[in-house]
1. Residue under question is I191, and the condition is that it be in a strand (DSSP E or B) and within 16 Å of the ligand (Cβ to nearest atom); does it hold?
2. Go through region 106-136 and give me each residue that's surrounded by 22 or more Cβ atoms within 10 Å (Cβ to Cβ), within 16 Å of the ligand (Cβ to nearest atom) and over 20 Å from the mean Cα position of the chain (by Cα).
3. Which condition number in (1) assigned to a loop (DSSP other than H, G, I, E, B); (2) within 14 Å of the ligand (Cβ to nearest atom) is the one that P36 fails?
4. Name every residue in region 72-104 that is small (G, A, S) and away from the ligand (no atom under 13 Å from the Cβ), in order of residue number.
5. Give, as residue ranges, the strands (runs of 3 or more DSSP E) completely inside region 78-168 that count at least 3 residues that are under 21 Å from N281 (Cα atoms) and touching a Gly at 6+ places or on another chain (Cβ under 8 Å).
6. Is it true that L17 is more than 16 Å from the ligand (Cβ to nearest atom), closer than 24 Å to H200 by Cα, crowded, with 19+ Cβ neighbours inside 10 Å and over 21 Å from the mean Cα position of the chain (by Cα)?
Amino acid sequence: MNRPRTNRAYVAALFDLPFNDLLFQAATVHRQHFDPNAVQLSQLLSIKTGACPEDCSYCPQSARYKTGLERERLMAVESVLEKARAAKEGGATRYCMGAAWRSPRDKDVDQLVEMVKGVRALGMETCVTAGMLSETQAQRLSEAGLDYYNHNLDTAPEHYGKIITTRTYADRLDTLRAVRQAGMKVCCGGIVGLGEERKHRVGLLVELANLPTPPESVPINMLVKVPGTPLSDTPALDPIEFVRTIAVARILMPTSHVRLSAGRQQMTDELQSLCFFAGANSIFCGEKLLTTDNPGNRDAMLFAKLGLHAEPHACPAKPTEAVEAPLAELAVDEGACCDPSSGCGPSPSTSPARSAVDGLLAETVGGFIDIARRQAVRRTRRLRGAGQRD
Ligand code: SF4
C-alpha cells in the first residue's frame, strides 16, 4: 500500500510561511534537483478543437458554452508533423497534442498512434491529452512510444463538483492509473483562480503529491477568463498567491518539472520571474496554447533578461545575447542532462561562469545559507503544528 507523502496540515503551513521563507525553501529544493536556470520547453497544439461534450466551466472548448470558438475536426497526421517540425526549430523539445474529447474512440487512437510515432521520429518527446483512456488505449499509446499523457486533476476533490459535473474525480484517477500501468510518464496538474479558496489549492497539491508516483510534469495553470464560459467573471487570484502555489508545488514534488502553463500571456515579467525563482522550470512556448494566447517571442526576451536557457535535451544551438532570437538560440548545449528521471543527477552546470559563481557563493554565503535554512525549517515546524510530514 502506498503511504501518503504529505498531508493538508503540513501543506497549509507551507502556504502560511512568510513569503521570503517560502521562496527560499522552494529555491533551495529546486537547486538541489535541477539546474535553476534551465527551463524545459514544450509546445502544445490543438489537434481537434471544440465541440467537447464535457462541461468544464473554465473551458471554451465545451459545446455547452457560446464562446465563438471555431470547431475543427481531428487534424491529418502530416499536418500535425509539419507543425511539430516548426516547433522543434523554435526550440521546443516536447510536442504536446491536445484533443477536445471526453475520451477518444479506438479509431481516434489509430490516428494518435501515427502522430506519436511521427513526432518521436523527429527526435522530440511526445505528450498527448485527449480525455479519459481505457487500459487498452493507454497500452496502445505506450507501445507507440508516447512519453507523457496529460490528464489534470484541476482542483481539490471537494471543489471539483463546482467546476465539472460530467466526469468524476475517480474517473480522472482511473485514467492516471491506466497511464501509469501502461508505463508512460504522467503530466498532471491543475488550475488556480477558479474561485477556489486556499484550502482547495492545498487540497489539489496534496492530491498530486500523494499519487502513487508523483507526476513527472506538473502544469499549474492560472485561469484564463474566456468570455462565454461560466467562470469568465471570476475575481482574479492574487499573483503573490499564485507564486506561493508554485513554490509549494516545488517543495512537495522536488523532482517533477513544474510548468507555468495557461495564463502566462496575462502575467508580467516580474510575476513570471518570481515563479521561476520559486521553482517553475517548464513552460509552453509559442504563440498559442490550445485555444488561448501565449507569449511567443516575449519568452526569448524574458529568458535573455533573466539568464535562463532551454533545458538542453533537444536544443543544440549555442547561447546568444540577442534578445530577439528564437528560444532555440538561447539554449545551452552543456552536454549534460537536467532531467532527474534520466538518471544523470541533479543540477548539472558545466559553464565556467556558472561554476565560478557557484564556487563564490559556496565560499562566501554558504554559512548564511545554512543559518537561513535552519531558521526556515524551524519556522515550518512551528507552523505546521500537528501536521507532520511522513
Ligand atoms: S477541458 Fe477538456 S474535457 Fe473539459 S470541456 Fe475542455 S476539452 Fe472538454
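Here, each number is a calculation from the coordinates, and none is a lab measurement. For clarity, every value in this text was computed on a predicted model and none was experimentally measured. When we count neighbours, we look across all protein chains shown, and the Cβ atoms used for this are built from the backbone with ideal geometry, even at glycine.
1. yes
2. Selection gives L112, L133.
3. Among (1) assigned to a loop (DSSP other than H, G, I, E, B); (2) within 14 Å of the ligand (Cβ to nearest atom), the lone unmet condition for P36 is (2).
4. Within region 72-104, A76, S79, A84, A86, A87, G90, G91, A92 qualify.
5. Qualifying strands (runs of 3 or more DSSP E): 125-129.
6. yes
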